[in-house]
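Derivation of every value follows stated rules applied to the coordinates shown; laboratory data play no part. Since we're looking at a predicted model, the values are computed, not measured. Glycine also receives a Cβ, built like all others from the backbone with ideal geometry; neighbour counts cover every protein chain displayed.
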Amino acid sequence: MTWIGVAGWDYPDWKGIVYPRAVSRGFDRLAWVAALFIPAVALSQAWKALAELRYGDAVTLEPSTGLLALAAVLVPLLLPSPWRGRLGAAVAVLVVNNVGGDASAMGRGGIPNEPTVPAYMVSLADGTALKANDGVATTISATKQYFQTPNSNLMAGFSSMGPTDVDFRVKPDVVAPGVNVLSSQPRWTCNTGTGTAPCWAFFSGTSMATPHLAGIAAVVRGQRPAWSAAQIRSAIVNTADEGVLKSSLGGPVSSVNTIGTGRANAASSVAAKVALDPVSLSFGSVPSGSGQSMTKTITLSNLLGAGPYTATVSDPGGGVTFTSNVSGSTIRITMSAAKGVAAGPRQGILRVSSGGTEVAHAAVFVFVK
């Protein structure tokens, strides 16, 4: 088995990905166009050589004939992986996911001169196991099979994050499944002339998460036709499941500008007791040297619940406080930032309760600059 390290394709405005040496140099737009093909060397040497790559490097060493190539992808999979795995005389390519979770779906992209070498993708954990058994003979089966895996509720490494520019609003509002989603596609894209070709494919991205949320909205609309569009939005956003999402590497994630209020839950949305408008609250940016206090409001409307309601908001710490009180159908939230507090984001969670039971929650945010 030959170790193959693959680095680099241009992706505009991609931030936060750990490229060797690149992020530390402050590049927001990374365009390595670099690949390292190292036949018959120890893995430690391969990693060392890969880490030495600099911006703009382009190193190409053909692998030995007949060797299986193990590719560690260090960039988002923006192009069909077999194309990046064009490895000369290699008999097959194993592409290892660069983040936690299951392997991503691969396929041809309709670009010129695509290779014909077989390609398979494995998870990061399985790739680690394969590397630990370098040199051991194995057989790759051509039989297709479904697998149940323990991977779930992982935030995609490519998922967009907030806050928004200029006004620092919380985004996303809420999250839904958007990776390796089996979706329909136009029949002309898969019709082989026999009329029997399946018109389904795996897709990932916002274009997959959005239909999940649209579907939940349709379910809520069908069950609660008297609710307005704004109330349906709140029913979805402000009843989302908390504490279930993990980062793309498997660790905990709590930033409201990564997960919003949490993972959308259709059943909870249909059973929403109240609606909040807006669904989240941002105090924008606050100069760290000034010291400020600001109050904003959220309007409550009954759905399936009834007041009176109480509200609390968690303390973000770091010299910033959030306080809340309820008057009728209005929640007033006050943000106070001490003079000279450290710059950076602060967040809290507003919790609305009735009779001691929580009925909704929302993100509260401010950015100290």
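Below are the figures for this structure:
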item: Shape category assigned to segment 181-368 from the gyration tensor of Cα positions, a/c cut at 1.5; result: oblate
item: Estimated distance in nm for a label pair at R221 and S268, the labels positioned 7 Å out from Cα along Cα-to-Cβ; result: 2.3
item: Inter-label distance for T299 and D165, nm, one decimal - labels placed 7 Å from Cα along Cα-to-Cβ; result: 3.0
item: Cβ-based exposure ranking for R332, R346, in which fewest neighbours within 10 Å come first; result: R332, R346
item: Efficiency of FRET from Cβ geometry, R187 and T149, R₀ 35 Å, rounded to 0.05; result: 0.70
item: V244 paired with W200, simple spin-label distance in nm, labels 7 Å along Cα-to-beta-carbon; result: 2.3
item: Amide H contacts of V279 (H built 1.01 Å from N, under 5 Å, at least 5 apart or other chain); result: none
